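J.: This structure is in structure tokens; I'll ask about it shortly.
The values are calculated or read from the model by the stated rules, or taken from the named source; none is laboratory data. No experiment lies behind these values; they were computed from the predicted model shown. Counting neighbours? That spans all protein chains shown, and the Cβs are built from the backbone with ideal geometry, glycine included. What goes into the accessible areas is simple: the full protein's heavy atoms, side chains included, and nothing from ligands, DNA or RNA. Shrake-Rupley method; radii C 1.70, N 1.55, O 1.52, S 1.80 Å.
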Amino acid sequence: MVRIDRVDIHRKLVPVRQVGLPDLADVVAIFLDCWRLSYREVMPAELVARMSPEAAEELWARSLADPGMEFLGAEGPDGRLAGIVGFRIADPGVGYVSSLYVSPHTQGGGFGRHLLTAAERGLAELGATTARLWVFEQNEPSRRFYERSGWEPDGTRETLPEWGVPQIGMAKRL
């Protein structure tokens, strides 16, 4: 288990903690807000519309219960989760960031950057020397965010049947 207690966001310590099944409702709320508010600006409308509350809850219940995954959450000023990041070791020496979602209501406050940094540190603690992630090809804001954090496209591309839109792979040396 990765140990991270707080991160410094704009000279203010923000609590970062493990996230699990007891946080399911808050995680689903953040995820659905991202899909409905952030993704509607950059992703196909039919993809956004397919993500129902039931589908989101099923997806996250399965993810949060996965013993191979680590999830960290950053708490906002109100003490509620402002964002989450999930990560795991994919192969020896290779980490994988599976998800990073920050509530659209708290975006721009540094939570995403610090959660990504916490995941990178966590992966390094678990023995990873490189890390990978997938991002929707059309999601330019997220692609730019990762690039500003030192991630680079790695030349891979995939389209998963459940999404039906292309994703590109990105990687970073840790």
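J.: Quick one: would you say SER38 is touching a residue at least 40 places away in the same chain (Cβ under 8 Å) and among the polar types (S, T, N, Q)?
T.: yes
J.: Would you check if GLU41 is farther than 13 Å from TYR101 by Cα, within 15 Å of the chain's Cα centre (by Cα) and acidic (Asp, Glu)?
T.: So GLU41 does not fit the description; no.
J.: Same structure again: May I ask you to verify whether VAL97 is touching a helix residue (DSSP H, G or I) at 6+ places or on another chain (Cβ under 7 Å), open to solvent by 10 Å² or more (accessible area, probe 1.4 Å) and on the phi < 0 side of the Ramachandran plot? Can you show your working first?
T.: Working: touching a helix residue (DSSP H, G or I) at 6+ places or on another chain (Cβ under 7 Å): yes; open to solvent by 10 Å² or more (accessible area, probe 1.4 Å): no; on the phi < 0 side of the Ramachandran plot: yes.
For VAL97, the condition - touching a helix residue (DSSP H, G or I) at 6+ places or on another chain (Cβ under 7 Å), open to solvent by 10 Å² or more (accessible area, probe 1.4 Å) and on the phi < 0 side of the Ramachandran plot - is not met.
J.: Could I ask something else about it? Considering only residues of segment 155-168 that are surrounded by 15 or more Cβ atoms within 10 Å (Cβ to Cβ) and of a type outside the set (A, V, I, L, M), which is modelled with the highest pLDDT?
T.: Among those that are surrounded by 15 or more Cβ atoms within 10 Å (Cβ to Cβ) and of a type outside the set (A, V, I, L, M), it is GLN167.
J.: In segment 32-81, which residue that is hydrophobic (A, V, I, L, M, F, W, C) and either open to solvent by 70 Å² or more (accessible area, probe 1.4 Å) or in contact with a Cys (Cβ under 9 Å, 6 or more places away or on another chain) (or both) is farthest from SER142 (Cα to Cα)?
T.: So, considering only residues that are hydrophobic (A, V, I, L, M, F, W, C) and either open to solvent by 70 Å² or more (accessible area, probe 1.4 Å) or in contact with a Cys (Cβ under 9 Å, 6 or more places away or on another chain) (or both), the one farthest from SER142 (Cα to Cα) is ALA49.
J.: Assess whether GLY86 counts as being part of a strand (DSSP E or B) and either farther than 21 Å from TRP35 by Cβ or open to solvent by less than 30 Å² (accessible area, probe 1.4 Å) (or both).
T.: yes
J.: Starting from segment 147-174, keep only residues that are closer than 29 Å to GLU125 by Cα, then list their pairs with residues that are assigned to a helix (DSSP H, G or I) and open to solvent by less than 30 Å² (accessible area, probe 1.4 Å) whose Cβ atoms are within a distance under 8 Å, requiring at least 6 positions of separation or different chains.
T.: Here the result reads SER149/LEU116; MET170/TYR146; LYS172/GLU120; LEU174/GLU120; LEU174/LEU123, each pair linking segment 147-174 to a residue that is assigned to a helix (DSSP H, G or I) and open to solvent by less than 30 Å² (accessible area, probe 1.4 Å).
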